[in-house]
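The values are calculated or read from the model by the stated rules, or taken from the named source; none is laboratory data. Quick caveat: nothing in here was measured; it's all calculated off a predicted structure. With ideal geometry, Cβ positions are generated from the backbone for all residues, glycine too; neighbour counts draw on all protein chains shown. For the accessible areas, the whole protein counts, side chains as well, though only heavy atoms, and no ligand, DNA or RNA atoms are used. Shrake-Rupley method; radii C 1.70, N 1.55, O 1.52, S 1.80 Å.
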Amino acid sequence: MISTPTKKLSSTARKAFANAGWVFFDRIFRMATALLVGVWSARYLGPSQFGLLNFASVFPTVLTSLAGLGLANVLITEIVRNKDYSENQLLGTAFVLRLIAGTVSLIAILITIQFLYSDQPVLQGMILFTSSVLVCQSVDVIDLHFQSRIKSKLSVVAKSIAFAFSTALRIYLLVNQFSLLAFSSVVFVEVSLAALILILIYNRQEGQHMLKWRFNRQLATHLLHLSWPLMVSEFFIFIYMRCDQFMLKELATDMELGKFSAALRLSEVWYFIATAITSSFYPTIVNLKTQNEEAFQRAFRKLLSLLISISLLIAVFITFSASYLIDLLYGQQYTGADDILIIHIWSAVFVFMGVGSSYWFILHNEQRLLLIKTITGALINIVLNFVLIPRYGAIGTSFATLAAQMMTAFFMNYLIRQARPIFFAQTGAIADMLKLTVLREWLKRTA
């Protein structure tokens with residue numbers, strides 16, 4: 001039996017749902033607004049310039065994981081368990097580590113683009129502005145604190161204000177027909193404003209202030225020991241989620257890159273749902289793991305079933321409406337982006353699976369398995385891109401992404417013995433969702 005009373009569990013579940021609701025509000029608001037402004041930008045700039053604008057975010061996106069040090073889920077887990085160190089030590093240590101890593105990552109990008117794009121000063125400036133997020137994300141330890149306390153509402157308020165301001169600024173730039181460099185500078189405005197508001201909100205909480213944070217060298221070593229496999233794993237996730245844009249630019253044309261970027265906006269915009277649901281229920285699942293293994297397994301399988309159901313509904317909807325959406329939103333100059341979207345959207349099913357399953361590795365201290373899976377997925381994606389892009393362009397890239405996600409998020413869980421419980425949980429979730437009695441019986445005999 002679970003020692004926690006039923007009323008307390010139901011109250012925690014309601015709190016988690018409310019927390020997820022705030023995250024959903026934030027993401028839906030962003031999705032709707034970004035879609036409208038993004039479509040306007042795509043039409044104004046055209047496929048080639050729109051592709052370059054999105055390409056400017058490739059470098060910081062790839063290094064986001066290194067700058068974040070893989071600390072997000074580890075820090076939340078440590079705050080919830082709160083065994084050996086105070087919260088001020090946890091937040092202060094994580095903040096300093098992320099600040100150092102973000103600064104080093106930014107310097108590395110500046111050196112790299114100086115060699116690669118020395119003859120393109122505008123592109124260098126665009127990448128500089130978009131890379132500012134690497135330093136500012138050190139303040140996101142406050143967001144992680146709010147997540148651990150199931151208070152995402154406070155983070156949503158801060159980031160929504162910053163996003164609303166940056167959206168208004170983007171509209172001003174569009175109306176007055178500013179240059180590409182001006183559009184990329186909005187990223188710096190948004191992330192720095194969001195960081196400032198987060199700090200102000202945190203400092204106004206009772207008994208909390210950044211000046212109370214303390215750096216602990218022993219704790220830093222402990223956190224890095226736990227997080228480094230996640231950091232490298234997340235790095236390779238971004239590699240095989242963003243290397244396609246880099247490879248399209250080098251192996252195809254800016255036109256193909258622009259069409260792929262347009263399709264990507266309609267495909268990846270749904271990923272926030274998996275993150276919002278999983279992060280909101282993660283503190284509850286951590287507690288269940290420490291109290292009752294059977295209850296944890298049931299909750300984990302239900303979470304996977306919910307994520308898979310939502311992702312399948314999204315994939316089916318986009319598949320049948322892709323042509324209409326591309327034509328309505330982007331116009332005739334993006335003809336062909338619908339075929340790219342139809343293929344790429346099915347990656348969402350496996351992305352949702354992967355997001356929901358990633359917490360299992362952390363709870364079982366198997367972060368290194370995540371690293372193995374992710375490196376394999378990145379290699380699959382890169383090899384397939386080299387083979388498919390020269391012949392099929394952005395459509396080949398979409399196939400490469402789908403194959404890599406399918407292998408990494410699902411099939412490799414069976415191939416790796418320690419991760420096989422996840423494969424059986426995922427398969428069981430599919431059986432529960434589709435009411436497949438035969439599959440359920442097979443799992444009972446095999447698992």
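Here are some notes:
- Within the accessible area of the stretch 187-303 (1.4 Å probe), percent carbon and sulfur: 60
- For the residues ASP327, ASP140, a 1.4 Å probe over the protein chains yields an accessible-area ranking, largest first, of ASP327, ASP140.
- The stretch 173-311: Rg to Rh, with Rh as the Kirkwood radius over Cα pairs: 1.05
- Listed residues TYR414, TYR202 arranged by accessible area, highest first, probe 1.4 Å: TYR414, TYR202
- Ordered by 1.4 Å accessible area with all protein chains kept, ARG98, ARG217, ARG301 run largest first as ARG217, ARG301, ARG98.
- The stretch 156-249: GluC sites (Glu not before Pro) in DSSP coil with no more than 14 other Cβ atoms inside 10 Å: GLU206
- Modelled FRET efficiency - R0 30 Å, PHE424 with TYR392, Cβ distances, 0.05 increments: 0.25
- log10 of Debye I(q)/I(0), alpha-carbon scatterers only, for the stretch 131-252 at 0.11, 0.12, 0.16, 0.18 Å⁻¹: -0.57, -0.67, -1.04, -1.16
- Aspartates and glutamates whose Cα lies under 18 Å from that of LYS159, excluding same-chain neighbours fewer than 8 positions away: ASP26, ASP140, ASP143, GLU190
- Averaged over its residues, the stretch 183-276 has an accessible area of 45 Å² per residue, based on protein heavy atoms and a 1.4 Å probe.
- Remark: relative contact order (the stretch 64-169) = 36 percent; criterion is Cα-Cα distance under 8 angstrom and separation of 6 or more residues.
- Cut-off 13 Å between beta-carbons: net charge of the residues surrounding GLN120, Lys and Arg +1, Asp and Glu -1: -1
- Near THR335: Cβ cut-off under 11 Å, other residues only, Lys/Arg at +1 and Asp/Glu at -1. The net charge is -2.
- Placing a label point 7 Å from the Cα of SER323 along the Cα-to-Cβ direction, the residues of the stretch 341-357 whose backbone N falls under 15 Å from that point are 341-343.
- Our estimate of slack between LEU174 and LYS212, defined as 0.36 nm per intervening residue step minus the Cα-Cα distance, is 9.4 nm.
- Kirkwood hydrodynamic radius over Cα pairs of the stretch 316-447, then Stokes diffusion coefficient at 4 °C and 1.567 mPa s, in µm²/s: 78
- Extended-chain gain in nm, criterion 0.36 nm per residue less alpha-carbon gap, GLN205 and LEU224: 4.0 nm
- Peptides 110-118, 218-226, 141-149 ranked from most to least packed give 141-149, 218-226, 110-118, packing being the mean of other C-beta atoms within 10 angstrom over each peptide's residues.
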